[in-house]
Amino acid sequence: MQPVTAISQQNNQVPKSRGKKIIMRLASFFRTHRKKKIAALVLILGVLIIFRILSNQPHLVIVNTAEVFSDRFEKNVFAAGTLEVKDKQEFFAENKTTVKEILAETGQKVAKGQVILKTDESSLRLECSQKRLSCDELRAKLVQCESNLRLLEQDYNSAQQEYENIKILYENGAASKKELEDVTRKLNEAEEKLVVERDATLLFLSHS
């Protein structure tokens with residue numbers, strides 16, 4: 001029995017000696033790498049502190065900035081289709097004339113009352129003179145018609161007055177039948193001339 005006890009004691013001593021060796025080796029490792037461990041711990045603590053500070057700061061948005069400068073902006077658009085004017089207004093001359101000078105470019109904006117072209121006024125002056133002469137002639141003819149009407153009205157009034165006088169005399173036996181017929185014919189002629197002149201005057205005015 002004794003030999004067995006000795007073997008078991010020897011077996012219990014082997015793990016203890018191995019554990020001591022491991023502890024000694026770890027202690028030696030820690031002693032050898034102490035500086036490195038401290039540096040690593042300090043670095044980790046620094047990172048944690050910085051992370052804690054940044055987490056407490058307001059949320060920041062990173063943007064790109066650029067310097068503002070003045071330059072010409074051009075944009076070309078290439079497409080297939082039909083180009084039409086949005087607002088278009090056409091002007092026509094009242095009289096036949098010739099454009100002498102154009103004072104605005106195509107597509108240029110113009111203001112109200114701005115002169116955009118000049119026409120040849122020589123033909124307009126000639127036409128204006130002709131119309132003025134024609135107007136003077138019409139005015140003179142109108143005056144003549146009015147004068148003729150006044151004279152014919154006077155003749156008609158005189159003929160009518162004479163007819164009434166002769167009629168009274170004829171009814172009283174103081175005038176003959178021939179005298180009555182003469183003044184009647186004279187009155188009819190005066191009335192006919194007055195009517196013809198009035199119709200001619202009205203026709204003239206309607207065509208003037």
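The values are calculated or read from the model by the stated rules, or taken from the named source; none is laboratory data. What you see is a predicted model; the values in this text were computed from it and never measured. Glycine also receives a Cβ, built like all others from the backbone with ideal geometry; neighbour counts cover every protein chain displayed.
Observations on the structure shown:
- Looking only at the range 139-170, and only at residues there that are at pLDDT 90 or above and of a type in the set (Asp, Glu), the one that is farthest from Ala200 (Cα to Cα): Glu164
- Residue pairs whose Cβ atoms lie under 6 Å apart, sitting 6 or more positions apart in sequence or on different chains, and linking a residue in the range 171-196 that is more than 14 Å from Asn157 (Cβ to Cβ) to a partner that is surrounded by fewer than 16 Cβ atoms within 10 Å (Cβ to Cβ), are Ala175/Leu169.
- Candidates Leu60, Leu54, Leu45 - the one that is at pLDDT below 75, surrounded by 10 or more Cβ atoms within 10 Å (Cβ to Cβ) and either part of a helix (DSSP H, G or I) or out of contact with any Lys or Arg (no Cβ under 8 Å at 6 or more places or on another chain) (or both): Leu45
- Boolean, Asp120 is surrounded by 10 or more Cβ atoms within 10 Å (Cβ to Cβ), closer than 21 Å to Arg198 by Cα and either out of contact with any Gly (no Cβ under 6 Å at 6 or more places or on another chain) or not assigned by TED's automatic domain parsing to the domain that holds Val196 (or both): no
- Of all the criteria given as (1) over 25 Å from the mean Cα position of the chain (by Cα); (2) more than 29 Å from Leu202 (Cβ to Cβ), the one not satisfied by Ala93 is (1).
- Count - residues of the range 92-117 that are farther than 21 Å from Glu127 by Cα and part of a loop (DSSP other than H, G, I, E, B): 14
Quick grid of which residues meet (1) under 23 Å from Leu187 (Cα atoms); (2) touching a residue at least 40 places away in the same chain (Cβ under 8 Å); (3) assigned by TED's automatic domain parsing to the domain that holds Val196:
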position	(1), (2), (3)
Leu133	no, no, yes
Glu137	no, no, yes
Asn148	yes, yes, yes
Leu151	yes, no, yes
Gln154	yes, no, yes
Ser158	yes, no, yes
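- Some residue of the range 86-95 being at pLDDT below 85 and surrounded by 10 or more Cβ atoms within 10 Å (Cβ to Cβ): yes
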